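What follows is calculated from the coordinates using simple rules that are stated; it is not laboratory data. The structure displayed is predicted, hence computed values, not measured ones. All Cβ positions, glycine included, derive from the backbone under ideal geometry; neighbour counts span all protein chains shown.
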Amino acid sequence: MNILLTGGAGYIGSHAAVALASAGHQIVVFDNFCNSRPTVVDQIRALTGQPIPVVEADLRDTAVLLGALTTHGIGAVVHFAGLKAVGESVAKPIEYYANNVQGTISLLQAMQAKGLKTLVFSSSATVYGDPQYLPIDEAHPTAATNPYGRTKLHIEEMLADVARADPQWRIARLRYFNPVGAHESGLIGEDPNGIPNNLMPYIARVAAGQLPHLNVFGNDYDTPDGTGVRDYIHVVDLAQGHVAAVRYLLEHAPGLYTFNLGTGQGYSVLEMVRAFEAVAGRPLPFTIAPRRPGDIASCFAKVDLAASALGWRATLGLKEMCESTWRFQQRAAGL
Ligand code: NAD
Ligand code: UFG
């Protein structure tokens, strides 16, 4: 199957490109490189041994999308492209709605015009809002607490309407928990611009000596050690989840499907710090800082549905998450 990956040069898209290519698919990357670099595609080529065509364009350019779907004989789309920084979305909501929602409308229009109706969408556990119970299953009520989350919810709802209007669509909405880690080669990984917002890249930069210390946002949550608990999932496991989702869509009746992609296991901030220290073999300085506005105490997934329907489960643990992050970080920092 020829598969178009919107945002295929990004953190998760690049790992999914490698996994999908290794599963025998032909991959085409569609990306405007607003949050990634063209050199990532060279790394994907090196890892897969495939030529990997690239279309450099904005998702909102429907004409270019239409051309790409035709030229490359695309049979399915995996849609990663989007802006994802929660804080930035509060400051720049119009940019977020334009990029994420308008971009998805453009993609759906192009797919509809081509009669192409197989789509995997990158959603997020953020659509569950403040958890009402744990672990969170797919039936948990949805609610968004910031503009980024609302773009994800809008898109999820649009996809539900599309599937209702035309029962021939095959759509998987994948709700990722907290993706971390890197490919074992150290060639691709998460390399955010500026100061990282997320825990794992921040820890990695502290370990590399690029940032002085970690701020632990709150130690008075109702969790075993008082720090926030999240369901960290290795990005290579997550990538395999996309291979399973594509296979599922192709083998099952058309319709709308929703899956959590997590491990089902929560770790606290301090547990993450300790695990990284053990792998890097050096202490990680941290200070306890005030809670970050909008943060919740705990969030972890119920993963039974993906296991039973997709036959997929995360297999890599915290050690592999930290080791691969550290390998990538050392390479990126030239250590
Ligand atoms: P990323 O920023 O690394 O990758 C996104 C890619 O999309 C980038 O390469 C960027 O250049 C591209 N892009 C953005 N807007 C575009 C546009 N209008 N046209 C063309 N290309 C565009 O992010 P990621 O971490 O790989 O996330 C991928 C998807 O998964 C996003 O939709 C994100 O919201 C979702 N997600 C991520 C996380 C996470 O923690 N990383 C968690 C849940 C969901
Ligand atoms: N944290 C710190 N210090 C930091 C960064 C984070 O203590 O410098 C803590 C947070 O308070 C939280 C935990 O580490 O307890 C994880 O924070 P992240 O920012 O890494 O991840 P979040 O769970 O807040 O959010 C991420 C994505 C969201 C997505 C969500 C669920 O940023 O977009 O996972 O998928 F919606």
Report task. Measure nothing fancy, just the Cα-based angle from helix 39-48's long axis to the longest principal axis of the chain, in degrees from 0 to 90, nearest 10. Result -> 80
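Counting only C-alpha contacts under 8 Å and six or more residues apart, can you give the relative contact order of the chain as a whole percent?
Across the chain, relative contact order equals 19 percent.
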Query raised in the report: To the nearest 20 debye, what charge dipole does the chain have about its Cα centre, counting +1 at the Cβ of each Lys and Arg and -1 at the Cβ of each Asp and Glu?
Result: 340
Report summary line: Looking only at aspartates and glutamates whose Cα falls under 15 Å of Lys302's and that sit 8 or more positions away or on another chain, we get Asp137, Glu138, Asp231
Requested in this report: For each pair in Lys117/Lys152; Lys114/Lys152; Lys152/Lys319; Lys92/Lys117; Lys117/Lys319, compute the distance between the two Cα atoms and list the pairs where it is over 27 Å.
Outcome: Lys152/Lys319; Lys92/Lys117; Lys117/Lys319
**Report entry** Formal net charge of residues neighbouring Met1 (Cβ-Cβ distance under 14 Å; K, R +1; D, E -1)
**Finding:** +2
Query - Local electrostatic count at Gly186 - Lys and Arg +1, Asp and Glu -1, tallied over other residues with Cβ under 15 Å - result: -4
Report summary line: In the chain the DSSP beta bridges are antiparallel at a rate, in percent to nearest 5, of 5
Query raised in the report: Per the helix-only calculation at 222 nm, which mean residue ellipticity applies to the chain, given -39500 (n - 2.57) for every DSSP H run of n ≥ 4 and division by its residues, nearest 500 deg cm²/dmol?
Result: -11500 deg cm²/dmol
